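These notes are about the structure you will find just below.
The values are calculated or read from the model by the stated rules, or taken from the named source; none is laboratory data. Remember, it's a predicted structure, so these values are computed and weren't measured experimentally. Counting neighbours? That spans all protein chains shown, and the Cβs are built from the backbone with ideal geometry, glycine included. Heads up: the accessible areas ignore ligands, DNA and RNA and are worked out on the full protein's heavy atoms, side chains in. Shrake-Rupley method; radii C 1.70, N 1.55, O 1.52, S 1.80 Å.
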Amino acid sequence: MQRLDALGQLTGGVAHDFNNLLTVIMGNAEALEAGLVADDPRRSWAELVRVTAQKAAAVTSRLLAFARRRPLEPSVIDVAEVVAGLTSFLDRVIGSRIAICSISTGAPLYIQADVSQFENAILNLCLNSRDAMPNGGSIIIEAADVEIGSAQPSEPADLPPGRYVSITVADTGHGMDRETLSRAVEPFFTTKETENGTGLGLSMVVDFVEQCMGAVSIASEPGKGTNVQLWFPRQKIDVREQCFDADDDVQ
């Protein structure tokens, strides 16, 4: 417990300092963008710097939440809509050597979550997938309406029966062996070089999903890629009252 408290203090301090640096980056990027004409190719570069800095600011926000210095701000969101809005940004961040495909039922899939933290969770998983495919490959982001209760092997054992929204991020990367997979969600555990990873990304994703009363499952094999599945209690809208309620099926 003392180690976790110390980790929270360290994480919060680093996030606060990093956020100050991002404020300077975003301010200068906005100034550059405003000073360039619309057809200047440098304007898109300045825009990318600004948008990326904004996403990085969301990461610091998530770090502060991880340190319990900032509460989450949950709202009811449509998973498919949020993922679709991330697609163009992910294409630019992930790079042209990796194909990204998003799949959904076509119908709204509502969950209750902090939207910026949800976006950051998807971004973290996609960046992990990118790093696992240095020679290129593909990432599939799939959202689905799932009913838990049939005791299928892929179902998280610690979730009560009911209706859930699952978001799967699957890649064609090098995968993980059993030992690596068993430690994948440990804070600060990483298989990347020191300068390329902190080992906090996946642990923060798990922490966020669990705060939303959900769960995370991971399947991976060497040479066969990795599938990370996020499970959130499904929310439904009462059209007559125009309000959202937790799905009655979830006990």
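Structure data summary
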read-out: Single residue of segment 154-181 satisfying the filter (modelled with pLDDT of 90 or more, open to solvent by less than 40 Å² (accessible area, probe 1.4 Å) and among the polar types (S, T, N, Q)) that is nearest to Leu90 (Cα to Cα); value: Thr168
read-out: Selection count where residues are over 20 Å from Ala144 (Cα atoms) and of a type in the set (Ser, Thr, Tyr), scope segment 202-219; value: 1
read-out: Among the candidates Ala151, Ala219, residue that is at pLDDT 90 or above and either open to solvent by 20 Å² or more (accessible area, probe 1.4 Å) or over 17 Å from the mean Cα position of the chain (by Cα) (or both); value: Ala219
read-out: Filtered residues of segment 101-118 (kept if within 15 Å of the chain's Cα centre (by Cα) and either farther than 25 Å from Glu73 by Cα or open to solvent by 50 Å² or more (accessible area, probe 1.4 Å) (or both)); value: Ser102, Gln112, Val115
read-out: Identity of the residue in segment 27-41, over 25 Å from the mean Cα position of the chain (by Cα) and under 19 Å from Val93 (Cβ atoms), that ends up least open to solvent (accessible area, probe 1.4 Å); value: Glu33
read-out: Count of residues meeting criterion [more than 12 Å from Leu48 (Cα to Cα) and open to solvent by less than 70 Å² (accessible area, probe 1.4 Å)] in segment 17-26; value: 2
